[in-house]
Amino acid sequence: MAPGSDESPSNARSWRHVSRREALRDTVAAVGGAALVSPAGASKTTAVDHGGDAVVRVRVHPGAVPLQARLWYGSGLDAVRRDWPAPFRDALAAVEAAFEQVVAYAREQSRLESLEIAVERGRPIRFPPSTSLSPDAVLPSLEGLLERFRERLRAHDALAGDTSHVLLHWSPLNYRVGYGGTLSPRSLIGAGDDGDAQTVVNVGATERWDSRAVTRNMAIHETIHTFLSESVVEEVGGTRCEHDLGTAIRTDTNTLEISPIATAYASPDRIGAGTRFQGTGCYDHDLFSRHDGTDDVDTWTYTTTLSDATCEAIMRHLERRFEA
């Protein structure tokens, strides 16, 4: 499979049918509207009137990309100098589109009229060369990578409060990072010592082993994790597992379409079914917002459309953050 193609692994065999779970039915209605803006530097802006007293930022930072990979996605000196190769630009656009959906969901229910969510292009992240010979220096763990990311954000004076910092990382062979992730105590907007959250998306892995469609979904997936608290997830979905808020819907007899928060968790637990590698976090197909089963499925597609359960959980977290 060529890097960045929209083809997805499609070699699943028949597996036990998994029952559907009803989609989210009950939502909380509150007074107001919602807004999403993207200030100068981001690639797209969507806005409605707001009071301006509840501001959240999503700041997407491009990591270093090897010269060979940059040349693959571009040509000439432009590709050599560019901080935002095509996979990074598509990941950013996917995150923007995801929060537009959250805004639309909020506006339909007249909720959080003073909320502003800004999706921005962050400063490029470059890690200083390490002189250590420790395993974590040679092949960083997720914890180690997040800590180094934090150090660079601090050095750039970029910790502003109520900001989700997303690092687009390029390390296709680093199994310790996998597709990416976030870790407590900086895994949630509004938590931790300063209210900033941070997460990593291993775009190098999704591009090398899967497809551009998976890159888009995993960028959304890891960012959304920083807007989901366990208590709200359990309240909305009946389980504390965030991945169970997702959907896996048959679009025809042999095709299953996966929503972002379910990406890497909606297929049978074996190499080559759905995403190349199964996620290592929690999941239960019987508890998904909707899962149509994997019997006879041999084609896996990925939609950037969020499930209603995901939107509801994000909204409830932000309401509790700003309306407490």
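Ranked by accessible surface with a 1.4 Å probe, highest first, in what order do ILE117, ILE271 come?
The ordering from most to least exposed comes out as ILE271, ILE117.
Which of the three applies to segment 184-298, rounded, prolate or oblate, going by the alpha-carbon gyration tensor with a ≥ b ≥ c and a/c under 1.5 meaning rounded?
Oblate.
Sort all Cα-Cα distances of segment 171-226 into consecutive 10 angstrom bins from zero, then give the percent of pairs in each bin up to the one containing the longest distance.
Spelled out per bin, shortest first, that is 28, 44, 24, 5.
Calculate the translational D of segment 202-249 in whole µm² s⁻¹ from Stokes-Einstein, where the hydrodynamic radius comes from the Kirkwood formula applied to all Cα pairs, the temperature is 37 °C and the viscosity 0.692 mPa s.
Estimated via Stokes-Einstein, D reaches 276 µm²/s.
Rounded, prolate or oblate, given the Cα gyration tensor of segment 226-270, with a/c below 1.5 counting as rounded?
Because a/c hits 1.5 or more and a/b exceeds b/c, segment 226-270 counts as prolate.
Given bins 10 angstrom wide, list per bin the percent of all Cα-Cα distances in segment 109-231, short to long.
The percentages, shortest bin first, are 13, 41, 34, 10, 2, 0.
How large is the convex hull of the Cα atoms of segment 120-161 per residue, expressed in Å³ as a whole number?
87 Å³
Can you tell me the convex hull volume per residue for segment 79-122, based on C-alpha atoms, in Å³ to the nearest whole number?
Looking at segment 79-122, the number lands at 51 Å³ per residue.
Using heavy-atom solvent-accessible surface (probe 1.4 Å) with all chains present, what is the largest-first order of ARG150, ARG59, ARG290?
ARG290, ARG59, ARG150
Which whole-Hz ³J(HN,Hα) couplings does segment 104-120 yield from phi under the Karplus relation 6.51 cos²θ - 1.76 cosθ + 1.60, θ = phi - 60°, glycine and proline marked x?
Ordered by residue, 3J(HN,Hα) equals 4, 4, 5, 5, 4, 10, 6, 10, 6, 5, 8, 6, 10, 10, 10, 9, 10 Hz.
The values are calculated or read from the model by the stated rules, or taken from the named source; none is laboratory data. Since this is a predicted model, take the numbers as computed values, not measurements. Protein only, heavy atoms only, side chains kept; ligands, DNA and RNA dropped before computing areas. Shrake-Rupley method; radii C 1.70, N 1.55, O 1.52, S 1.80 Å.
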